[in-house]
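Colleague: The structure under discussion is supplied below as structure tokens; questions concerning it will follow.
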Amino acid sequence: MQATTQAPDGTPHPVFREDTSPGSRSTGLRGWAVRQFRQPYGFWGRVAGWIMATRPSNLERNRWTVDLLDVQPTDWVLEIGFGPGVALGWLSERANQGLVVGMDHSELMLSQAARRNAQALASGRIALQLGDAEHLPDLGTVFDRIMAVNVAMFWSDPVAQFRALRERLRPGGRIALTVQPRSRGATDTDAQRIGERMLAQLSEAGFREVRLELHPMQPVAAACAIGHR
Ligand SMILES: C[S@@+](CC[C@H](N)C(=O)[O-])C[C@H]1O[C@@H](n2cnc3c(N)ncnc32)[C@H](O)[C@@H]1O
């Protein structure tokens, strides 16, 4: 197995010890585990979903991101890569007169999130869509808020992706992108560096009033890049 120390954009970075890009030759156990979080499927995907729904650090960074998003009762909110759907429920409690739309490319995560949010789904306060955020379909509307937690690091062309998401925001709308590096040996400095890079990419994509928030937590800090259309 040939491990890489380069991020998909070619920048050397300890967070990207495995090349998980499509077509990657990374076949080690760790690369396989990373792929389960990138697009969970099958038995081990169910295990990954269970971990994401129960691990305290997962819950904490999602709760923190929802807080930073500052959702208002009538907001329409888009969450990309909702995983097992824990944050969808919290978003829907806040946007209780609005709508929460979730998009994830994993059928397994869609079914876990649907089960977890059955009531809100039935009452039309949450809508879930199976889809690839890197080929964002026309969702037929614009949103007041967009968030993604531990998803942006999987995108092959983040600036193009952020531009596409900006198009889905109403003027003045807010995006919050959180990453908590989970590779072995990741440090708070890694989190900060990733956050700063996302911030630069948001600016390049046309977002304004960008700012970086860092949340000290175990085992490593989480970084949230916030921007506005
Ligand atoms: C590491 S999990 C994070 C899940 C959740 N946000 C959390 O923090 O618990 C990444 C999720 O993003 C989804 N995902 C990754 N890339 C995606 C893409 N291009 N389009 C849609 N969903 C994607 C995966 O299927 C997975 O559910």
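Colleague: So which residues in segment 65-83 are surrounded by fewer than 24 Cβ atoms within 10 Å (Cβ to Cβ) and more than 22 Å from residue 172 (Cβ to Cβ), if there are any at all?
Modeller: 81
Colleague: Assess whether residue 119 counts as being free of Cβ contacts under 8 Å to residues at least 24 places away in the same chain, of a type outside the set (Val, Ile, Thr) and assigned to a helix (DSSP H, G or I).
Modeller: Yes; evaluated as a whole, the condition is true for this residue.
Colleague: If you check residue 110 against the conditions, is it within 22 Å of residue 215 (Cβ to Cβ), within 11 Å of the ligand (Cβ to nearest atom) and free of Cβ contacts under 8 Å to residues at least 40 places away in the same chain? Please lay out each step first, then the result.
Modeller: Values: within 22 Å of residue 215 (Cβ to Cβ): no; within 11 Å of the ligand (Cβ to nearest atom): yes; free of Cβ contacts under 8 Å to residues at least 40 places away in the same chain: yes.
Answer is no for this residue.
Colleague: Consider residue 187 carefully, then state whether it is more than 21 Å from residue 72 (Cβ to Cβ) and of a type in the set (S, T, N, Q).
Modeller: The answer is yes for residue 187.
Colleague: Let me ask something additional. Residues in segment 65-107 that are among the aliphatic types (A, V, I, L, M), more than 16 Å from the ligand (Cβ to nearest atom) and in a helix (DSSP H, G or I): how many?
Modeller: Residues meeting the conditions: 0.
Colleague: Being among the polar types (S, T, N, Q) and over 16 Å from residue 89 (Cβ atoms) is the filter here, so list the residues in segment 44-67 that pass it.
Modeller: 57
No lab work stands behind these numbers, since they all come straight from the coordinates. Everything numeric in this text was worked out from a predicted model, so none of it was measured. As a convention, Cβ positions derive from the backbone with ideal geometry for all residues, glycine included, and neighbour counts pool all protein chains shown.
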